[in-house]
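Accompanying notes for the structure given below.
The values are calculated or read from the model by the stated rules, or taken from the named source; none is laboratory data. Small disclaimer: the values here were computed from a predicted structure and weren't measured. Every residue, glycine as well, gets a Cβ built from its backbone with ideal geometry; the counts of neighbours run over all protein chains shown. To get the accessible areas, we keep the full protein, side chains included, count just its heavy atoms, and leave off ligands, DNA and RNA. Shrake-Rupley method; radii C 1.70, N 1.55, O 1.52, S 1.80 Å.
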Amino acid sequence: MASKNQGLYAILEEIMEKYEKERKKSFKSNQFLKVFKSDFEKCIFNSLGQINRKNYQIKGSAGEGRWAYVPWLGIFDKDITKSAQSGFYIVYLFSTNTKKVYLSLNQGWTLYKNNYNSKERIKNIKKVTQYFQNRLGLVDPNLVKAISLIDSNDGKDYHLAKGYEYGNIFAFEYKKGKIPSEKNLIDDLQKMLLLYAELKGNLLEVSNPRKNINYILDSNSNSSSKINVKEEHDFVYQVQENLDKVKIKESKGVLVSKKIKNTSKRKSKKKTDFFEKSINDKKIGDLGEKIIFASIQNYLKEKFGISDSAIHVSEIDDSAGYDIKLKDKEGKSIYIEVKTTSGPKSTPFYVSENELETSEKYKERYLIVRLYNVNKNSNFEFEYYVIKGPLKECPKINISPTNYQVELI
C-alpha cells in the first residue's frame with residue numbers, strides 16, 4: 001500500500017498494478033481504497049507546496065458502494081467546483097482495464113446528463129470541450145484532445161466513461177509500465193494547473209457551471225453574442241495608460257494573509273529584523289500582484305462580461321520569471337512582472353537572474369509594472385510606471401549586480 005512518503009509515481013503504479021485484482025474482492029472496508037481516500041491527497045499537498053488547502057479540494061474515487069469501471073483521482077478548484085459531477089476540474093482517469101491513465105482537464109458529465117436530452121447532452125458537452133480547446137494555450141505538444149478509456153466490448157454500461165471522453169479538453173496519456181518519472185509527472189501536473197487557471201479566467205461566472213455552459217452554447221449558436229476577442233485583448237496595449245491611479249475596492253482575496261510570527265526562540269535582534277523585513281517585503285509584493293491582476297480582471301469583466309486569458313501564474317509557479325500572463329489581440333502571450341514598494345518612485349527594487357533572462361527571452365512582450373507609494377487604505381491607492389522589453393536594453397534604468405538592483409536614472 002502506498003504510504004504518505006511515496007509520490008505520485010508510486011500511487012499511479014499501484015492503482016494500475018492492483019486495481020483489477022482488488023475489485024474482485026469486497027468493496028466495503030477494502031484497505032486498497034485508502035489510496036483514493038487519503039494517500040493521493042497527502043501526495044499532492046506534499047509534492048506541490050504552492051497548492052493551498054483552502055483553495056483546492058483533493059480527492060479520489062473507486063466507486064460508491066461498488067467498484068467503478070473508471071477509478072479517478074481529482075483536483076478541484078473550490079471556486080469552480082467541489083464535485084466531479086459538474087464544473088471543471090483536473091483528474092487522473094484510469095481506463096477500464098487500468099492499462100492507461102490520463103491526466104485530464106475535464107468537466108462534469110452528470111450536469112449535462114441531468115439537464116439535456118440524450119441527443120443534446122453529447123452535442124453540448126462536445127461544443128464546450130471544443131470551445132476551450134480553441135481558446136486555451138497549448139502548454140505542451142504532448143497534450144492530446146481525445147482520450148480512450150473503454151478497452152472492452154463486453155456490453156457493460158460505460159456511460160460515465162463515455163462522458164469523461166466527451167468532456168476531456170486536454171490530457172497527458174500514460175501507459176502501464178511506461179509511467180514517466182516523478183519529476184516529469186509533477187511537471188505535467190504544473191502545466192495542467194496553468195491550463196486550469198487559464199480556463200478559470202475564461203469563465204463568465206466562476207461558481208455557476210450551468211451559466212458558463214449556457215453562455216458558451218449561446219456564443220456558438222448566435223454570432224452576435226460572441227465576444228470580439230481582438231477588441232478584448234486591446235487591454236494589453238492600454239496597460240500603461242489605464243492603470244494610472246487605479247483604485248480597487250477592498251474585497252475578499254485581495255488582502256494579504258495575516259502577519260506571520262517568528263516562532264524561533266534563539267535569534268539575534270539583527271536576524272529577527274531581517275526575518276520580519278522579508279515577511280513585509282513578501283506581503284507588499286503579494287499585494288502588488290493582486291492589485292494588478294484584479295485591475296485586469298475587473299477591466300475585462302466590466303467591459304466585456306468575461307475575464308479572458310489572464311492567469312496569475314506566480315500563485316501556481318513562482319519560478320516562471322513573471323507573475324501574470326495574458327494574450328494580445330493576435331493571440332500572443334504577454335508576460336507581466338509586478339514590483340511593489342510602499343516607498344517613493346526612487347526606491348530601488350530587485351530582479352532575479354531568472355527574471356532578467358525571461359525579459360531577454362520574451363523581449364517586447366515582457367513588462368515590469370512598477371508600483372510605488374502604495375497606500376494600503378480601503379482603496380489601495382498607488383502610483384506606477386512600466387518598463388517594457390529586455391531590461392538590459394532599457395535606457396532609463398541602471399542595473400547593479402547585487403541580485404540585481406534596479407533604479408530610475
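Do we find a residue being at pLDDT 95 or above, assigned to a loop (DSSP other than H, G, I, E, B), touching an Asp or Glu at 6+ places or on another chain (Cβ under 6 Å) and β-branched (Val, Ile, Thr) anywhere in region 143-158? Looking for residues that are at pLDDT 95 or above, assigned to a loop (DSSP other than H, G, I, E, B), touching an Asp or Glu at 6+ places or on another chain (Cβ under 6 Å) and β-branched (Val, Ile, Thr), one finds at least one in region 143-158, hence yes. Checking region 62-71 against the condition returns no match, with no residue being more than 30 Å from Glu205 (Cβ to Cβ), open to solvent by less than 10 Å² (accessible area, probe 1.4 Å), charged (D, E, K, R) and at pLDDT 90 or above. Looking for something more than 21 Å from Phe76 (Cβ to Cβ) and either small (Gly, Ala, Ser) or part of a helix (DSSP H, G or I) (or both) - is there at least one such residue anywhere in region 166-176? Within region 166-176, none of the residues are more than 21 Å from Phe76 (Cβ to Cβ) and either small (Gly, Ala, Ser) or part of a helix (DSSP H, G or I) (or both). Only a single item in (1) touching a strand residue (DSSP E or B) at 6+ places or on another chain (Cβ under 7 Å); (2) under 26 Å from Glu14 (Cα atoms) is not met by Gly65, and it is number (1).
Just checking, which of Ser181, Ser152 is surrounded by fewer than 18 Cβ atoms within 10 Å (Cβ to Cβ), among the small types (Gly, Ala, Ser), over 15 Å from Gln133 (Cβ atoms) and free of Cβ contacts under 8 Å to residues at least 60 places away in the same chain? Going through Ser181, Ser152 in turn, just one is surrounded by fewer than 18 Cβ atoms within 10 Å (Cβ to Cβ), among the small types (Gly, Ala, Ser), over 15 Å from Gln133 (Cβ atoms) and free of Cβ contacts under 8 Å to residues at least 60 places away in the same chain: Ser152.
Determine, yes or no, whether Gly108 is on the phi > 0 side of the Ramachandran plot and surrounded by 14 or more Cβ atoms within 10 Å (Cβ to Cβ). Reasoning before the result, please.
On the way: on the phi > 0 side of the Ramachandran plot: no; surrounded by 14 or more Cβ atoms within 10 Å (Cβ to Cβ): yes.
The answer is no for Gly108.
Within the set Lys100, Lys78, the sole residue that is basic (Lys, Arg), open to solvent by 10 Å² or more (accessible area, probe 1.4 Å) and over 17 Å from Asp188 (Cβ atoms) turns out to be Lys78. Counting the residues of region 121-142 that are open to solvent by 40 Å² or more (accessible area, probe 1.4 Å), assigned to a helix (DSSP H, G or I) and touching a Phe, Trp or Tyr at 6+ places or on another chain (Cβ under 8 Å) gives 3.
Considering only residues in region 331-364 that are part of a strand (DSSP E or B) and among the charged types (D, E, K, R), the one that is farthest from the chain's Cα centre (by Cα) turns out to be Lys339.
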